[in-house]
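The values are calculated or read from the model by the stated rules, or taken from the named source; none is laboratory data. Nothing here was measured: the structure is a model prediction, and the numbers come from that model. Glycine gets a Cβ as well: all are built from the backbone with ideal geometry, and neighbour counts include every protein chain shown.
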Amino acid sequence: MNSHSRRTFLRNSCLASISFFITQSCKQSPDRNPTILVISGWQDVNIGDIAHTPGLLHVLETFIPEANIILWKKSKNEKVEALIAHNFPKVKIIHGDVDEQYNVDSSEVLDAFKTADLMVHGSGPYVVGRSNLEAWAKYSSKPFGIFGTTIASIDNELLSLLRKASFIYTRETKSLDILKEKGLSGDHLSFAPDATFYLNIKNDKLAETFLKANDLKEKEFICAIPRLRYTPYHKFGETNWTEERIDKVESTNQRYKEIDHVKMREAIISWVRDTGNKVLICPEMTYEVDIMDELLIDPLPEDVKSKVVKHGYWMPDEAASIYQKSFALLSFECHSPIISLVNGTPAFYLRQPEDTIKGQMYYDLGLEDWVFEIDDTDGKEISSALQNIWQDPIKAKSAVQQSNKNIKEIYARSCLRLQRLI
């Protein structure tokens, strides 16, 4: 898909009025409500990965309100599941593993296979729940599909599975190009942004307590999030990485950590000295709590450092409430800007080239003015863009509102196919 075709495709996708979708019949027969089985929840050390799930649940509850939803959560975490249960009390959460032959020994999963009319793979960095979809296809002839996922590479086994899918919604258009190169085509392939763009959970009480304790006034502080070029999973979880892979991760992170973060620090310094306002340094992933002092706080001049507050690892509901209260967000991570935008706050994505093709979604949604390819950007450019928003916040707010409106229309259109399948 060339750039002109991509722009045309996105423009046509976003022009459809929401009123069209409201007039469509969304009711099943009076004696039967359909059931959707969602596979999601890949890991819980990243508020972005956590946010995929409630984002998709909100999409489905909004645009297919008649459906019952079962969440087959891949990871297990009591705190995260309590968060989901609190915000989505009607959603049943189940667990169960799949072996190499795609067999399932969980009775609750097998019962869900019998009950559900459709299986939906949630947003993620790739088809993380591939074995779960394979199990569904083995036990059932009912439809399944993928919603808001990056598919950067396709082997023969995945290709075979994708050929069976009733819909494939990728979270950026570069994945659509890859599907096309593999011979996949049809109107069941489309662009649907990462479901985090529809996250609706918040924790205003927890946020207000933190803001008050740290004298952070609404719309008078910015948030900033660090990130290494590669997430060092080998340091806080089990991996099958080779020594060669670990060496590459370590050497790349060491080489670029100061080169990258000095640019964010320049924007932080400019913000504090130009406005006199504070900065909240916060994490998207657990490990970032351990690097924020070294890379963002300690090197700051004393007059700026006195205006800096930091937050430990948190859940996406508290993050969403604090992002909503902030003036803007600067992030090397991809998903905190999404959580910020969906809550009406402008966000800059400082994109590192190692952070996969998922960043294309920002361009696909017309947010390119707030994406900074970090190798091609200096701190002055980031500072200048932040200053422009400070001087004209109404224009920035309007841009965020228009983006959120377009995304809502895409989700509504995307769910029409799902309704037809059930």
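Yes or no: S414 modelled with pLDDT of 95 or more and either surrounded by fewer than 17 Cβ atoms within 10 Å (Cβ to Cβ) or outside the structural domain of T149 (by TED's automatic domain parsing) (or both)? Considered against the rule, which asks whether it is modelled with pLDDT of 95 or more and either surrounded by fewer than 17 Cβ atoms within 10 Å (Cβ to Cβ) or outside the structural domain of T149 (by TED's automatic domain parsing) (or both), S414 comes out as no.
For the criterion of being charged (D, E, K, R), assigned by TED's automatic domain parsing to the domain that holds R255, within 22 Å of T231 (Cα to Cα) and surrounded by fewer than 24 Cβ atoms within 10 Å (Cβ to Cβ), D293 passes.
Total residues in the stretch 159-182 satisfying the condition of being in contact (Cβ under 8 Å) with a residue 12 or more places away in the chain and either of a type in the set (A, V, I, L, M, F, W, C) or surrounded by fewer than 18 Cβ atoms within 10 Å (Cβ to Cβ) (or both): the figure is 15.
So, in the stretch 134-150, of the ones that are in contact with a strand residue (DSSP E or B) (Cβ under 6 Å, 6 or more places away or on another chain) and among the aliphatic types (A, V, I, L, M), which residue ends up nearest to A192 (Cα to Cα)? For the stretch 134-150, the residue satisfying everything is I146. Of all residues in the stretch 85-125, those being touching a strand residue (DSSP E or B) at 6+ places or on another chain (Cβ under 7 Å) and within 21 Å of I146 (Cα to Cα) number 21.
Restricting attention to the stretch 364-389, the residues being free of Cβ contacts under 8 Å to residues at least 24 places away in the same chain and touching a Ser or Thr at 6+ places or on another chain (Cβ under 9 Å) number 1.
Does E208 satisfy being assigned to a helix (DSSP H, G or I) and either modelled with pLDDT of 95 or more or not hydroxyl-bearing (S, T, Y) (or both)? It is true that E208 is assigned to a helix (DSSP H, G or I) and either modelled with pLDDT of 95 or more or not hydroxyl-bearing (S, T, Y) (or both). Looking only at residues in the stretch 235-277 that are of a type in the set (G, A, S) and within 25 Å of V304 (Cβ to Cβ), the one that is surrounded by the fewest Cβ atoms within 10 Å (Cβ to Cβ) is G276. When the stretch 406-422 is limited to residues that are in contact (Cβ under 8 Å) with a residue 24 or more places away in the chain and among the basic types (K, R), the one that is farthest from I269 (Cα to Cα) turns out to be R417.
When A116, A112, A195, A165 are checked against the criterion of being of a type in the set (A, V, I, L, M, F, W, C) and out of contact with any Leu (no Cβ under 7 Å at 6 or more places or on another chain), A165 stands alone in meeting it. Residue count for the stretch 302-345 under the criterion of being surrounded by 20 or more Cβ atoms within 10 Å (Cβ to Cβ), in a helix (DSSP H, G or I) and hydrophobic (A, V, I, L, M, F, W, C): the result is 7.
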